[in-house]
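Let me begin by presenting the structure, written as structure tokens, before commenting on it.
The values are calculated or read from the model by the stated rules, or taken from the named source; none is laboratory data. Values in this document were obtained by computation on a predicted structure and should not be read as measured data. Using ideal geometry, Cβ is built from the backbone for each residue, glycine included, and neighbour counts are taken over all protein chains shown. Ligands, DNA and RNA are excluded from the accessible area calculation, which covers all protein heavy atoms including side chains. Shrake-Rupley method; radii C 1.70, N 1.55, O 1.52, S 1.80 Å.
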Amino acid sequence: MAKKTSRPGRTLLIFALCVLVWYGLAALGGTWKPRLGLDLQGGTRITLTAIGNKAPTPSQLNEAASIINNRVNGSGVSESAVSTQGGKNIVVEIPGKNRKDLVQSVERTAQLRFRLVALEAAGRPQPKPSSSPSPSPSSAPSSGPSQGAKTKKGSGKATAGPQGSSSATPKPRVAPQFGLRPSAKDTRKPHAKSSTGATATPSTAPSSAPSSAPSSAPSAPPVTAAGASVDQPLAWMDNPGQKWIKRFEAYQCPPKGQQLAPRADDPAQPLITCDSTGTKFLLSKAVIEGTELKTASAQIPQQGVGWAVTLSFKSSGTKTFANVTQAINQQTSPLTGQQKQFAIVLDGTVLSAPTVESPILDGNAQITGNFNESSATSLATSLKYGALPIRFAQPPSVETIGPSLAGNQLSAGILAGIIGMALVMIYCLLYYRGLGLVVIGSLIVAALVTYGTVLVLAKAAGFTLTLPGIAGLIVAVGITADSFIVYFERIRDEMRSGKSMRVAVQAGWKRARNTCLAADGVSVLAAVVLYIFTIGVVKGFAFALGISTLIDVIVFFWFTHPVMTVLANYRFFNSGHRLSGLSPETLGIDGDLARRPGYVGGRA
């Protein structure tokens, strides 16, 4: 069996290409400066004040603080600080002056509910056309109080209730859509009719027998004054009662450009609200609460081009959702003449009001629409970490704060790192002489990889560098130097036993790598334990220490060892030059023994 040939040059080339690619990823972040923490650059402070008739209990306040901490510091390395204050305040301090994404996650209460749609119409006043004298022909005036809801084909004009109560022509909405996660179907058909439509006004013969049977077969039962029970959402959406219809008629959405004002969103009662396009909805009581969600994530679906928020329900929510989607699947509303819809309502605002093309039985669904990466991630984060148990005053107090440490603290930390690295380099040059150049090169490469990693993690995971994090990086310098010392001493031991440098480099590597892996494994284990069981800045220190230790392993395997293999082929090192660090004097070999032919240079 042929012995595997070492190719150190190829290893170094591949490693260099990987470093270049790593810095290419860092360049995508748009900045070459690491993200600094509150202690070094300041940030944004948000103060949330609880409102209500009763003051929140300590457990409610702590639970809300925990949810907010998960939202703004879910990865544990963004160094955001969340604390309670005064019995009814939660103070959130976020590094950075313009972190609008995290500020929105804090402000959002994330009360997600699923409701059935009874009525839908334009919620803003529509401009009237100037040519208004278009007389309506007397062939079909308003004879009969319209015992059912009639919808003109293709017009989108809905008439709700026996009195013709809600009449509007909404603009086509570009609303988020809701569908099955596996198929990612486009269910955005707010005005599509089912083939089994309930309207009894076919357009095939409009003039035949115009008055012979004006109300021959009404397809929709009349809306009663009291309406169906609100505790029966499926029946209520077909018969909400005159009281709720009149409220719906009188309701107006806010003007374009203004946000919907906060309102009480009682899940046990119907809701009249709007979406972002100004369309108003009359909705049933909540059929599913957001607490029934198991997971929520932002992603680009397969065969999709836009971002989506993927939802997965718990077992109880899955059953309810399956029953509802089966009940309204391909069914037409007797009030609007359109396919029945249900609404996804977040914090009292309709996100989407989709139809159902097929029952969703497995509890896996997704919200898609006009999302980008930031908005989809923000929504998924809020849903993932649940609704806040306390209502807070809106808008919260937002202010900019300065760094908690003086500016010279950062300079002092960086200076300490430079001095520590310089001392290590000087010591290695004095002790190992020529081999000290390998230490210097390895430390420089490790520093470059570490800096690139900090930049990449700042963009990908929100890693924020604080003073304790810088301390973790400095501590790792000593761990990296330990690896080189172990390796060099193993090589020198092998050469003292009579091996040439070429053989000693490989034999010493086999013995040194296990020792170094064991030492680095202990450091990584300590960093993991600190990261799991600590909070705040200590977590950042542990993360920086763990990352630096892993980088030490990478540099040791794919830079230091290949470089030593290459140097073993040069006479300056393998002949035992007095400045190489491998001379007989340095190795402590007796002069007579050293003068034996081939001892230092070539004996295997």
To the nearest 0.05, what FRET efficiency results for Asp493 and Ala461 with a Förster distance of 51 Å applied to their C-beta separation?
0.75
Ordered by residue, what ³J(HN,Hα) values in Hz, to whole numbers, does region 461-471 give under the Karplus form 6.51 cos²θ - 1.76 cosθ + 1.60, where θ = phi - 60° and Gly and Pro are x?
10, x, 5, 10, 8, 10, 4, x, x, 4, 4
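Excluding Val477 itself, calculate the net charge of residues whose Cβ lies under 14 Å from the Cβ of Val477, where each Lys or Arg counts +1 and each Asp or Glu counts -1.
On the way: positive: none; negative: Asp482, Asp520, Asp552.
Taking every other residue near Val477 into account, the sum is -3.
Determine the per residue accessible area of region 442-504 with all protein chains present and a 1.4 angstrom probe, expressed in square angstrom. Before the final figure, lay out each step's value.
Working: 2070 Å² over 63 residues.
Counting only protein heavy atoms, the per-residue value for region 442-504 is 33 Å².
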Given Cβ charges of +1 for Lys and Arg and -1 for Asp and Glu, the option among Ile300, Leu282, Ile245 whose Cα lies farthest towards the positive end of the dipole of region 245-317 is Ile245
Roughly how far apart, in whole Å, are the Cα centres of region 508-566 and region 33-70?
34 Å
Mean-position separation - Cα centroids, region 238-310 and region 414-456, in angstrom
58 Å
Please sort by residue number the trypsin sites (Lys or Arg not before Pro) in region 1-65 whose DSSP state is loop and whose Cβ has at most 15 other Cβ atoms within 10 Å.
Lys3, Lys4, Lys54
Inter-label distance for Leu20 and Val528, nm, one decimal - labels placed 7 Å from Cα along Cα-to-Cβ
3.5 nm
Net length gained if the chain between Arg45 and Leu430 were fully extended (0.36 nm per residue, minus Cα distance):
133.5 nm
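Given a Förster distance of 45 Å, report the FRET efficiency between Gln242 and Gln299 from their Cβ-Cβ distance, rounded to the nearest 0.05.
Numbers: r = 45 Å, r/R0 = 1.00.
So the FRET efficiency works out to roughly 0.50.
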Can you work out the FRET efficiency for the pair Leu579 and Ile535, with r the C-beta to C-beta distance and R0 = 56 Å, to the nearest 0.05?
0.65
Give me the one-decimal nm value for the distance between modelled label points at Asp231 and Gln269, 7 Å along each residue's Cα-to-Cβ direction.
1.7 nm
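Where only protein heavy atoms count, and the probe is 1.4 Å, what is the accessible area per residue for region 228-364 in Å²? The partial results should precede the final answer.
Working: 5840 Å² over 137 residues.
Using a 1.4 Å probe on heavy atoms only, each residue of region 228-364 averages 43 Å².
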Restricting region 10-95 to chymotrypsin sites (Phe, Trp or Tyr not before Pro) in coil, as DSSP defines it, with at most 13 other Cβ within 10 Å:
Trp32
For the modelled label position 7 Å from the Cα of Ala27 along Cα-to-Cβ, which residues of region 425-449 have backbone nitrogen atoms closer than 17 Å?
449
